[in-house]
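Let me begin by presenting the structure, written as structure tokens, before commenting on it.
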Amino acid sequence: MEWPGLYNYWIAIFLMVTGLYLVMAPQNLVKKIVGLNVFQASVFVLYITMGKVTGGTAPIIAEGIEVYSNPLPHVLILTAIVVGVATTAVGLALVVRINESFGTIEEDEIRELEEAQEDAS
Amino acid sequence: MISTHLPALQIILPLLAAPLCVILRNGTLTYWFAVVVAWLAFAVSALLLQEVNAIGVIAYKLGGWAPPWGIEYRIDLLNAYVLLIVSAIGALTVSYAKPSVDQEIGGDRGYLFYTAFLLCLAGLLGVTITGDAFNIFVFLEISSLSSYALIAMGRDRRALIASYRYLVFGTIGATFFLIGVGLLYQMTGTLNIADLGERVAAVGPNRTITVAFGFMAVGLAVKAALFPVHAWLPNAYAYAPSVATIFLAATATKVSIYVLIRTYFTIFHHDFSFGVMALGDIFMVFAVLAMLAGSAIAIFQTDIKRMLAYSSVAQIGYMVLGVSMATVLGLTGGMLHLFNHALIKGALFMAMGCVFYRTGSVSIESMRGLAARMPWTMAAFVAGGMSLIGVPLTVGFVSKWYLLLAAMEQNLWWILVFLIIASLMAIIYVWRVVEAAYFMPSSAGAPTDIQEAPMAMLVPMWVMVLANFYFGIDTKLSVGVATRAAKFLLGDAS
């Protein structure tokens, strides 16, 4: 196998780890949602790339074409994108509500407010 | 005939009813509508179980597309049993819901609660009934997204942040599962679970299958809140509205355990999962840690809902312990505990819902002297607590007994010791509440006009409590089905 080989998988793995890091490292709740999106996008790339057949074309029957890419992973990922959009929407809606009731979207500050409330009750 | 379409009806009823709730918009009307739909879903799952018992596996082609291309709903004893649990808890919970929802969420926004509730029910039933791995992911997300909304409806502002953390954890968990499904598709070219089972075995273990195995194990462990990755659970249960807690605690993690069983026994054959990959050894360690850590942390909680949530972490340990043994007895014990724990935690959280309805708090302080004012509610808590500990004649005893038998069969004496230690710790944390409620005077500043909870809440709660005793004495249904499902999964035809 010549270099760089199946580099698309390296891209998927890179995005995956970047996304996971972005979910964990920042304190900002919106940035975490962005990280979640990057993480999910990496899975989309993983699915889409596995459907590609080298030299294959779009799966529309036409004369003179014998090799087709597999359309199923692409269709699956359309569903997963919809799920991802819904998750992002719910997540951001929660961040708005958190900002309304805590007055901040920094996790360390929220944690302090939570602990203060716990001690008070 | 309608009876041939029962599998589709199981999902379509709650799924279509949910948007209708938004159109109805009236709190009382949507309540009764949701009650009717939930009980119909229960009737459907009871009929399905009966049919599976009589004729064996039901394979339903959704939209008439033949598997493995179309989505297949495939119902065997295992998921017919889980469907029955989920729909029964759903029906009882929604019957109980009205006073509590009116108070905690408000009559004018109540319809949104029932909408999210029915969507969550549809999602959980969908995960259970489907025979398609990708479909599991989609339904898992339907149920998760609606449960984030349910949790965020809690009155305490900490409910919002609990829901947010659950969203982050839950999405990562579900996406890990999705990565696993993708890698399996890459190796086998199919998404149908029965088909996957055959082809994964045919392909044999290779790097891609092993990686898929790992991703799915981690993803499902997060969704099931197995010990080291349980962090999202306690606050989500503690701050969610009472009714949402009852439903989620009794069903959501159970369905994830079901997917775990399905994945590691049907897709990856159990010889591979537990023999070659030694999944059992790993899960057994985490399960024991969950039992001990969950129970120990529960002892020190002052918020009783959070105490019960940590106890749930421990009980999930019991279930995973049974599964991790991968023997007929162990699997029977695990599945029995799945059924029984749904009844136990349903009853206990319902009692806490009643307490919160009358006192506005579930702290240990507010329990003091409560038995004199709310005798039926606290009696239900005591009965549920006994079941949680595992006193004979309750369901808790039956499942722990099977787990003990399974451990002894394999000469795992150390498990026996830990099972008993965890049960003793359960006595301590249940006793703290009983002591406060029965043997302590009310605290000085407590309101004196507290009455027993309304009938509409007491009746479903006591149905749940009596089920704890009924299935503790007459174990024909629960043990019978669980044993046969375990034998079926392990390919033991006898």
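Throughout, read-outs are computed from the coordinates displayed, never taken from laboratory work. Here the structure is a predicted model, which is why all the values come from computation and not from measurement. Here the Cβ positions follow ideal geometry from the backbone for every residue, glycine too, while neighbour counts run over all protein chains shown.
For the range B:311-352, no residue has its backbone nitrogen under 17 Å from a point 7 Å from the Cα of A:Gln117, taken along Cα to Cβ.
Calculated from DSSP H runs of 4 or more alone, at -39500 (n - 2.57) each and per residue, what is the 222 nm mean residue ellipticity of the protein assembly as shown, nearest 500?
Working: 23 runs with 458 residues, N = 615.
My calculation for the protein assembly as shown gives -25500 deg cm²/dmol from helical runs alone.
Only the Cβ atoms of Lys and Arg (+1) and of Asp and Glu (-1) were treated as charged; on that basis the dipole of the protein assembly as shown about its Cα centre amounts to roughly 620 debye. Does the range B:235-316 come out rounded, prolate or oblate by the C-alpha gyration tensor, with a ≥ b ≥ c the root eigenvalues, rounded set by a/c under 1.5 and, if not, prolate when a/b is larger than b/c and oblate if not? Note, shape of the range B:235-316 comes out oblate. Between 0 and 90 degrees, the angle of helix B:242-261 with respect to the longest Cα principal axis of chain B falls at about 20 degrees. Counting only the backbone N, which residues of the range B:464-494 are under 14 Å from the spot 7 Å out from the Cα of B:Leu405 toward its beta-carbon? Residues B:473-487 fall inside that zone.
Across the range B:37-52, computed HN-Hα scalar couplings (Karplus, 6.51 cos²θ - 1.76 cosθ + 1.60, θ = phi - 60°) run 5, 5, 5, 4, 4, 5, 4, 4, 6, 5, 5, 5, 4, 4, 5, 5 Hz from first to last residue, x flagging Gly and Pro.
Using R0 = 60 Å, the C-beta based FRET efficiency linking B:Thr208 and B:Asp156 works out to 0.85. In order along the range B:69-78, the phi-based Karplus estimate (6.51 cos²θ - 1.76 cosθ + 1.60, θ = phi - 60°) of 3J(HN,Hα) comes to 7, x, 7, 10, 9, 10, 10, 10, 4, 4 Hz; Gly and Pro are listed as x. Peptide B:152-159 shows a mean partner chain C-beta count of 3 within 10 Å per residue C-beta. Please grab the % of Cα pairs in the protein assembly as shown that end up more than 36 Å from each other. The calculated P(r) of the protein assembly as shown puts 34 percent of pairs beyond 36 Å. Modelled spin labels at A:Val67 and B:Val276, positioned 7 Å past Cα toward Cβ, are 3.1 nm from each other. Farthest toward the positive end of the dipole of the protein assembly as shown, out of B:Gly27, B:Met284, B:Ile71, is the Cα of B:Gly27, where the dipole comes from beta carbon charges about the Cα centre. Scattering from the range B:279-494 was approximated by placing one identical point on each alpha carbon and applying the Debye formula without solvent; log10 I(q)/I(0) at 0.08, 0.12 1/Å stands at -0.29, -0.62.
When the pairs B:Lys61/B:Lys223; B:Lys61/B:Lys487; A:Lys32/B:Lys98; B:Lys345/B:Lys476; B:Lys305/B:Lys400 are compared against a 32 Å limit on Cα-Cα distance, A:Lys32/B:Lys98 fall above it. Across every pair of non-identical alpha carbons in chain A, the mean reciprocal distance, once inverted, gives a Kirkwood radius of 17.4 Å.
Within a 10 angstrom radius of each residue's Cβ in A:25-33, how many Cβ atoms of other chains show up on average? Whole number is fine. List each step's numbers first, then the result.
On the way: counts 0, 0, 0, 0, 4, 0, 0, 4, 4.
So the per-residue partner count for this stretch is 1.
When a/c is below 1.5 the answer is rounded, else prolate if a/b is larger than b/c, else oblate, so apply that to the range B:397-481 with a ≥ b ≥ c taken from the square roots of the Cα gyration tensor eigenvalues. Taking the square roots of the gyration eigenvalues as a ≥ b ≥ c, the range B:397-481 is oblate. Using only side-chain charges placed at the Cβ, +1 for Lys and Arg and -1 for Asp and Glu, the dipole size of the range B:1-116 relative to its Cα centre rounds to 140 debye.
A simple spin-label model places the labels of B:Leu16 and B:Ala296 5.3 nm from each other, with each point 7 Å out along Cα-to-Cβ.
Projected onto its three principal axes, the C-alpha set of the range B:1-45 covers 34, 16, 14 Å, listed from the longest axis down. Placing unit charges on each Cβ (+1 for Lys and Arg, -1 for Asp and Glu) gives the range A:7-120 a dipole about its Cα centre, and among A:Ala41, A:Thr18, A:Leu78 the Cα reaching farthest toward its positive end belongs to A:Leu78. What spacing in nm lies between the two simple spin-label points modelled at B:Glu452 and B:Ile473, each 7 Å away from Cα in the Cβ direction? Rounded to a tenth, the inter-label distance reads 2.2 nm.
Take B:His269, B:His337 and order them by how many other Cβ atoms sit within 10 Å, fewest up front.
Working: B:His269 18, B:His337 30.
Placing the least packed residue first, the sequence is B:His269, B:His337.
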